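> Let me give you the structure first, and then I'll get to my questions.
What follows draws every value from the coordinates through simple rules; no lab data is involved. Bear in mind that the values here come from a model prediction, so they are computed numbers and not experimental data. Ideal geometry is used to build each Cβ from the backbone, glycine not excepted, and the neighbour counts take in all protein chains shown.
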Amino acid sequence: MAQKPKSTRATAPRLGKQLKRSFFDRSVHEVAPDLIGTTFLVNGVGGIIVEVEAYHQGEPAAHSYRGPTPRNQVMFGPPGFSYVYRSYGIHWCVNFVCEGAGTASAVLIRALEPTHGIAAMARRRGLDDVRALCSGPGKLCEALGITIAESELALDRPPLALYARAETPDIVTGVRIGITKAVELPWRYGVKGSKFLSKPFAR
């Protein structure tokens, strides 16, 4: 019989104030580190954001670099909406659109610490290791049930919700992962020493 997955926390942490779309109406480089420690839920399932990456239209790693397309059009719209895309034709990845309309920047959510709906996440992922449920952008989308159907949705309306962090964690930065352009930019942010990262930060 498979072992029931258990959280590393005794109980799910109490949720803070729900964040509104206005939270994203500023520089992606301000929003990205401020997302670390917040809680992201989809239909009540999710956890604490422990790792993100920032992308801006002015650099070639961003999907918006060459201008709007049917796929990335939401990035050019108002802030506070989701942008979901398929990575390598296999995994869904979720981003939060930032800055004013026309600037096309977004934050990729790379990893979560599972806190809410862990049994549902384990069932979707087909594993019991809580640390591996959301330790990557594709993994967390599978765990939270995110597909293209969740793209272009307001981040402060059901089924999506984002809650303020209780305290500011110790945040580290580094270069982004899995890209071939603008690889030198230190636009990856995460919780120092977290066991839930997709990949440890270089020391």
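> With θ set to phi - 60°, apply the Karplus curve 6.51 cos²θ - 1.76 cosθ + 1.60 along the stretch 136-142 and write out the HN-Hα couplings as whole Hz, x wherever there is a Gly or Pro.
These are the phi-based 3J(HN,Hα) values: x, x, x, 4, 5, 5, 5 Hz.
> Give the distance, in whole Å, between the Cα centre of the stretch 64-104 and the Cα centre of the stretch 131-201.
15 Å
> Here is a follow-up. How high is the relative contact order of the chain? Use alpha-carbon pairs under 8 Å, at least six apart in sequence, and give a whole percent.
On the way: 496 pairs, mean separation 58.2, N = 203.
After rounding, I find 29 percent.
> While we're on this one: Assign one of three labels to the stretch 147-203, namely rounded, prolate or oblate, based on the Cα gyration tensor with a ≥ b ≥ c the square roots of its eigenvalues; rounded applies when a/c is under 1.5, prolate when it is not and a/b is larger than b/c, and oblate otherwise. Working shown, then result.
Details: a/c = 2.53, a/b = 1.38, b/c = 1.84.
Verdict is oblate for the stretch 147-203.
> Can you pull out the trypsin sites (Lys or Arg not before Pro) in the stretch 50-136 whose DSSP state is coil and whose Cβ has at most 16 other Cβ atoms within 10 Å?
Details: sites: 66, 71, 86, 110, 123, 124, 125, 131; in loops: 66, 71.
Passing both the DSSP loop test and the Cβ count: 66, 71.
> Once the other residues with Cβ under 10 Å from the Cβ of residue 57 are scored (Lys, Arg +1; Asp, Glu -1), what is the net sum? Walk me through the numbers before you get to the answer.
Values: positive: 66; negative: 59, 99.
Here the charged neighbours net out to -1.
> Moving on. In sequence order, what are the phi-derived ³J(HN,Hα) couplings for the stretch 29-36 according to the Karplus relation 6.51 cos²θ - 1.76 cosθ + 1.60 with θ = phi - 60°, rounded to whole Hz, with x for glycine and proline?
Going residue by residue, I get 6, 8, 5, 3, x, 6, 6, 5 Hz, with x marking Gly and Pro.
> I need the phi-derived Karplus couplings for the stretch 50-67: 6.51 cos²θ - 1.76 cosθ + 1.60, θ = phi - 60°, integer Hz, Gly and Pro marked x.
These are the phi-based 3J(HN,Hα) values: 10, 7, 9, 9, 9, 9, 10, 3, x, 10, x, 7, 6, 5, 8, 4, 9, x Hz.
> Show that you can apply the helix-only estimate: for the chain, add -39,500 (n - 2.57) for every DSSP H stretch of four or more residues, divide by all residues, and state [θ] at 222 nm to the nearest 500. Don't skip to the end; give the middle numbers.
Values: 4 runs with 28 residues, N = 203.
-3500 deg cm²/dmol, from helical runs alone.
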